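Q: There's a structure below that I have some questions on.
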Amino acid sequence: MKTSKTRSAAVSALKLSLRVILTAVLVIPFVSLVNRAFGRAWAVNWRELLLIWGILAACIFLFVFVTGLLEFSAALRHRRNKDLIFPGVMWIRGVCLMGIALGLILMVAMYREGDGWWLVALVSGFVFLGVFAWPRAIRITDSALCQRSNLFLMKRIVRGEIEDVVYDPSSQEIVVNGKDGARIVHTESHSDGARFMSAMKTFSRKETVVLGAKMQH
């Protein structure tokens, strides 16, 4: 099982890296045409371009492979411990974390260099983008479905207050609607959608309504 998951993570990372390399190959003639359009020589330093894109492809491979393994490890741990926790997928959390870290490092560096406060505030956008783009984990407790909002306020739908559970195949979203109008949405950015749907069926004791289907799942 672990071997197959490792192989799957490696294949996914390799596919994405090969796309980056292919893009680099296609960019070379485009750069040549741009140079010619501006009266420069046709010649392009293709070795340098391939080196840069190769380093980028290697970084992407490492990032996707590692986050894929971490995703598998986290899912296995949740299943083994029977934790009904559905966090954001690992690679999105990784990107958000890098954005937050980059923003904080740049803010400190620019402040120490004596840059204007408006420049420091502008760079802080990386931090806010990382915080607000971070998919908030969904938890199923003994009595309620819970998720924090982007402002860190807790949303709760008590078991008896669940109106319905709706699955949209086109967007891969599972929407839990409360009788008071509250909504908690499991999106593609969250992990283990199939397990969440199964857990909600048991928790809510309601059939999942599948949009676009004549019969319920």
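Q: Using Cα-only point scatterers and the Debye equation, what is log10 of I(q)/I(0) for the stretch 54-142 at each q in 0.10, 0.21, 0.23 Å⁻¹, rounded to two decimals?
A: -0.39, -1.00, -1.07
Q: Between ASP83 and ASP180, with labels modelled 7 Å along Cα→Cβ, what's the label distance in nm to one decimal, could you check?
A: My value for the distance between the label points is 2.7 nm.
Q: Multiplying the sequence separation of VAL34 and LEU153 by 0.36 nm and subtracting their Cα-Cα distance, what value in nm do you get?
A: Values: separation 119, 0.36 × 119 = 42.84 nm, distance 5.06 nm.
That works out to 37.8 nm of additional length.
Q: Then there is this: Taking one equal scatterer on every alpha-carbon of the stretch 105-217, how large is log10 of I(q)/I(0) by Debye at q = 0.19, 0.21 1/Å?
A: Here log10 of I(q) over I(0) equals -0.95, -1.11.
Q: Also: Within 10 Å of each candidate Cβ there may be at most 10 other Cβ atoms; applying that plus a DSSP loop requirement, which trypsin sites (Lys or Arg not before Pro) in the stretch 62-135 survive?
A: Numbers: sites: ARG77, ARG79, ARG80, LYS82, ARG93, ARG112; in loops: LYS82.
For trypsin sites (Lys or Arg not before Pro) across the stretch 62-135 that sit outside H, G, I, E and B with at most 10 neighbouring Cβ atoms in 10 Å, the list reads LYS82.
Q: Something else: Compute the relative contact order of the stretch 1-83 as a whole-number percentage, counting only Cα pairs closer than 8 Å that sit 6 or more residues apart in sequence.
A: 45
Q: With a cap of 10 neighbouring Cβ atoms within 10 Å, and only residues DSSP puts in a loop, list the chymotrypsin sites (Phe, Trp or Tyr not before Pro) found in the stretch 91-157.
A: Details: sites: TRP91, TYR111, TRP117, TRP118, PHE126, PHE128, PHE132, PHE152; in loops: PHE152.
When the chymotrypsin sites (Phe, Trp or Tyr not before Pro) of the stretch 91-157 are filtered for loop state and at most 10 Cβ neighbours within 10 Å, PHE152 remain.
Q: Right, something else. Using Stokes-Einstein with the Kirkwood hydrodynamic radius over Cα pairs, what translational diffusion coefficient do you get for the chain at 10 °C and a viscosity of 1.306 mPa s, in µm²/s rounded to a whole number? All intermediate terms of the calculation are to be shown ahead of the outcome.
A: Details: Rh = 20.9 Å.
Translational D for this selection: 76 µm²/s.
Q: How big is the charge dipole of the stretch 78-192 about its Cα centre, in debye rounded to the nearest 20, if each Lys and Arg gets +1 on its Cβ and each Asp and Glu gets -1 on its Cβ? Numbers along the way, then the final one.
A: Numbers: 13 positive and 12 negative charges, 82 e Å.
I would put it at about 400 debye.
Q: Residue by residue through the stretch 146-163, what is 3J(HN,Hα) from phi via Karplus (6.51 cos²θ - 1.76 cosθ + 1.60, θ = phi - 60°)? Round to whole Hz and write x for glycine and proline.
A: 10, 7, 7, 7, 4, 9, 6, 8, 7, 9, 9, 10, 5, 3, x, 9, 6, 7
Q: Which residue fluctuates the most in the chain, going by a Gaussian network model with Cα springs under 10 Å, if the choices are PHE86, PHE30, PHE65?
A: PHE30
Q: Where in the chain lies the longest segment free of GluC sites (Glu not before Pro) that are both loop residues by DSSP (not H, G, I, E, B) and have at most 13 other Cβ atoms within 10 Å?
A: On the way: sites that count: GLU113, GLU188, GLU207.
Of all site-free stretches, the longest is 1-112.
Q: To the nearest 20 debye, what charge dipole does the chain have about its Cα centre, counting +1 at the Cβ of each Lys and Arg and -1 at the Cβ of each Asp and Glu?
A: Working: 27 positive and 15 negative charges, 133 e Å.
Dipole of the chain, to the nearest 20 debye: 640 debye.
Q: On to the next question. Using only Cα positions of the stretch 1-83, each an equal point scatterer, no hydration layer, compute I(q)/I(0) via Debye at q = 0.16, 0.19, 0.24, 0.27 Å⁻¹ and quote the log10 values to two decimals.
A: -0.69, -0.82, -1.03, -1.15
Q: Residues of the stretch 142-176 with backbone nitrogen within less than 17 Å of a virtual label 7 Å along the Cα-to-Cβ line of ARG195, please, listed as ranges.
A: 142, 146, 174
Q: Moving on. Can you tell me the FRET efficiency between ALA101 and VAL209 if r is taken as the Cβ-Cβ distance and R0 is 45 Å, rounded to the nearest 0.05?
A: On the way: r = 41 Å, r/R0 = 0.91.
Efficiency, from the Cβ-Cβ distance: 0.65.
Each reported figure results from applying straightforward, stated rules to the coordinates on display, with no laboratory input. Model, not experiment: these values are computed from the prediction. Methodologically, a virtual Cβ is constructed for each residue, glycine included, from the backbone with ideal geometry; neighbour enumeration extends over all protein chains shown.
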